[in-house]
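Colleague: First, the structure itself, so that you have it in front of you.
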Amino acid sequence: MNITFIGGGNMANALIGGMLNQGFAKTDIRVVEPNADAAGRLRNQYGIEVAKEATPDALAADLIMLAVKPQVMKSVAAGIAPHLKSQLVVSIAAGIRAADLSRWLGGHQRLVRAMPNTPAMVLSGVTGLYAMAGVSADERARAQRVLEAVGAVVWVEQEAGMDTITAVSGSGPAYVFYFMEGLEEAAIAQGLSAEQARQLSLATFSGAAKLAAQSSEDVATLRARVTSKGGTTERAIHTMEGAQLKQIIIDAVRAAALRSRELGDELGSD
């Protein structure tokens, strides 16, 4: 499978590193990156071919990965549209709906929309995927193979599900970091050093996530196991419930999903 990345930013860098780690050949990966510094870093780090422009030769691939900012996607799509034939196109641009991108690509139907998250940079991400009707089972498998190089994948059959994925896992790392901020500040307020607070916060989150991933029980059951009656954890949970923290999280995810839909409307309006 020959793959051409349009854009060589952080997420493309993560995907390329993950793919090479999973056994993809360097000769099967090309990048179109006009920024000379970014192009040089990709060549030096991975030893792959990097072109300055999206020439017909660069676009002669089995899969084209659109890894550019949403705000420039329309112009990028217009530039590559005349050179599309049977290539599978995968977009990792947030908010760009498949129908709008297809229109900008001259009606191209072999199109998959992907929403990876930033832990992909350490090969621990999760990516939401949606395929247009014109994408075959084999092409879906190709897209999945690429995104699985940096973590897990979740397919949705209705594109509206991508707004929820954006709100839950796309934005989700920020929610985790925000909670970690609070936990660290609480530890410092109770007399621990900043270094101790960070160490405890990081280890607690990574350990709890690992425990949940390896357990057959749901997170509510795991939480209950830690919450002994009359103990310290119960007191903390009661405080959180009194502040309706869980409902706040639900409302926050709903707000993020709404904003994702709004961005889709704005970015695809012309």
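Colleague: How large is Rg over Rh for segment 52-137, taking Rg from the Cα atoms and Rh as the Kirkwood inverse mean of 1/r across Cα pairs?
Modeller: On the way: Rg = 12.8 Å, Rh = 13.3 Å.
Reported Rg/Rh (Cα atoms, Kirkwood Rh): 0.96.
Colleague: Ignoring ligands, DNA and RNA, what accessible area per residue does the chain give at 1.4 Å, in Å²? Mind showing how you got there, number by number?
Modeller: On the way: 14820 Å² over 270 residues.
Heavy-atom SASA per residue in the chain reads 55 Å².
Colleague: Another one. Determine the share of the chain's accessible area contributed by carbon and sulfur atoms, expressed in whole percent, with a 1.4 angstrom probe. List each step's numbers first, then the result.
Modeller: Values: 8130 of 14820 Å².
The computed percentage sits at 55.
Colleague: To the nearest 10 degrees, how steep is helix 232-242 against the longest Cα principal axis of the chain, on a 0 to 90 scale?
Modeller: The helix 232-242 is inclined about 70 degrees to the chain.
Colleague: Then there's this: Using only Cα positions of segment 134-214, each an equal point scatterer, no hydration layer, compute I(q)/I(0) via Debye at q = 0.25 Å⁻¹ and quote the log10 values to two decimals.
Modeller: Computed log10 I(q)/I(0) values: -1.19.
Colleague: Give the Rg (one decimal place) followed by the Dmax (whole number) of the chain, computed from C-alpha coordinates and expressed in Å.
Modeller: According to the Cα coordinates of the chain, Rg and Dmax are 21.3, 69 Å.
Colleague: How much solvent-accessible surface does ARG43 expose, in Å² to the nearest 10, with a 1.4 Å probe and all protein chains in place?
Modeller: Per-residue accessible area (ARG43): approximately 110 Å².
Colleague: Mind computing the radius of gyration and Dmax over the alpha-carbon atoms of segment 131-270? Å is fine for both.
Modeller: Here Rg and the maximum Cα pair distance are 19.4, 59 Å.
Colleague: Right, next: Which trypsin sites (Lys or Arg not before Pro) in segment 196-270 pass both tests, a DSSP loop state and at most 14 other beta-carbon atoms within 10 Å? The partial results should precede the final answer.
Modeller: Details: sites: ARG198, LYS210, ARG223, ARG225, LYS229, ARG235, LYS246, ARG254, ARG259, ARG261; in loops: LYS229.
In loop regions of segment 196-270 (DSSP not H, G, I, E or B), the sparsely surrounded trypsin sites (Lys or Arg not before Pro) are LYS229.
Colleague: For helix 194-214, report the angle its Cα long axis makes with the longest principal axis of the Cα atoms of the chain; keep it between 0 and 90° and round to the nearest 10°.
Modeller: 70 degrees
Colleague: Follow-up question, since we're still on this one. Taking a 1.4 Å probe, which of THR55, THR4, THR27 shows the most accessible area, and what order do the others take after it? Don't skip to the end; give the middle numbers.
Modeller: On the way: THR55 55, THR4 0, THR27 120 Å².
Largest accessible area first, the list is THR27, THR55, THR4.
Colleague: A further question follows. Taking each pair of distinct Cα atoms in segment 8-114 once, what is the resulting Kirkwood hydrodynamic radius in Å?
Modeller: Its Kirkwood hydrodynamic radius stands at 14.2 Å.
Colleague: Could you name the lysines in cross-link range of LYS69, using Cα to Cα under 23 Å and dropping any fewer than eight places away on the same chain?
Modeller: Straight-distance partners of LYS69: LYS52.
Colleague: Looking at ALA143, THR166, THR239, which one has the Cα that reaches farthest to the positive end of the dipole of the chain (charges on Cβ: Lys, Arg +1; Asp, Glu -1)?
Modeller: ALA143
Colleague: Taking θ as phi - 60°, what are the ³J(HN,Hα) couplings along segment 165-180 by the Karplus curve (6.51, -1.76, 1.60), each to the nearest whole Hz, with x for Gly and Pro?
Modeller: Per residue, the Karplus-derived 3J(HN,Hα) values read 4, 4, 6, 8, 9, x, 8, x, x, 5, 5, 5, 4, 5, 5, 4 Hz.
The values are calculated or read from the model by the stated rules, or taken from the named source; none is laboratory data. These figures come from a predicted structure and were not determined experimentally. Glycine also receives a Cβ, built like all others from the backbone with ideal geometry; neighbour counts cover every protein chain displayed. Surface accessibility is based on the protein's heavy atoms, side chains included, excluding ligands, DNA and RNA. Shrake-Rupley method; radii C 1.70, N 1.55, O 1.52, S 1.80 Å.
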